[in-house]
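Colleague: For reference, the structure I am asking about is given below.
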Amino acid sequence: MSFLRRILPVKRTLVLATLLVATLILSTSCGTSDSIKSLLLTSTGTNNSGTYNLPGVDATLQLKVFAVYHSGKQIDVTNDSTWSVMPMCCDQSGNDLPPYGPLTVPINKTGLMTDIVLLCTWTDAPDSTKTPPFANPPIWEYTGYYQTTASYRGFTSQPVGIGVGSVASNVSPIGGCGPS
């Protein structure tokens, strides 16, 4: 009997300690699921000023979509994303941009955007101190662009504007179109 009296308090203490540790473990993870917070759309082909451009026929731009989680981790979800592309405004001559599709600037499943259409969505900004009034090297500004977003599991990325420069500019002294 004296043996049981000594073991019983130890056993109760062990059981209580185990329950306390289990409660602490469960309560610290409650409400902190690591779910997606947002999507981030990036490109490996942006130039130093952060602009997106397709500089020439058959030029490509690799877009990447990352799911950003509450914990801060980022996972590449490019291959599982869908794309939305809207033409915004016009080319350098003031004509409406052609609609997005397989014959303009398609995006494949891996996020690779390719320029197929001959187009210039850039203009060389005027510089009143120059004669003729254009900077050399050019100061490129969008005249229009393809606003692109990616969607994944109910989330949509921030929009990015992608210019196209596959024909010569009608104003730039160097004849190109857009940043390279």
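Colleague: What list of ³J(HN,Hα) couplings, whole Hz, do you get for the range 138-145 from phi and the Karplus terms 6.51, -1.76, 1.60, once you set θ to phi - 60° and write x for glycine and proline?
Modeller: x, 10, 7, 10, 5, 9, x, 6
Colleague: Taking 0.36 nm per residue of separation and subtracting the Cα-Cα distance, what length does fully extending Ser180 through Cys90 add?
Modeller: 30.4 nm
Colleague: Students often get this wrong: which residues of the range 73-87 have the backbone nitrogen under 19 Å from the point 7 angstrom along Cα-to-C-beta of Leu40?
Modeller: Counting only backbone N, you get 73-82.
Colleague: Can you list the residues, at least 5 places off or on another chain, whose amide H is less than 5 Å from the amide H of Ser38, using H built in the peptide plane?
Modeller: Placed amide hydrogens put Val68 under 5 Å from Ser38.
Bear in mind that the values in this text are calculations on the coordinates, not laboratory data. Just so it is clear, the model here is predicted, and its values are computed rather than measured. Note that we place each Cβ from the backbone using ideal geometry, even for glycine, and neighbour counts take in every protein chain shown.
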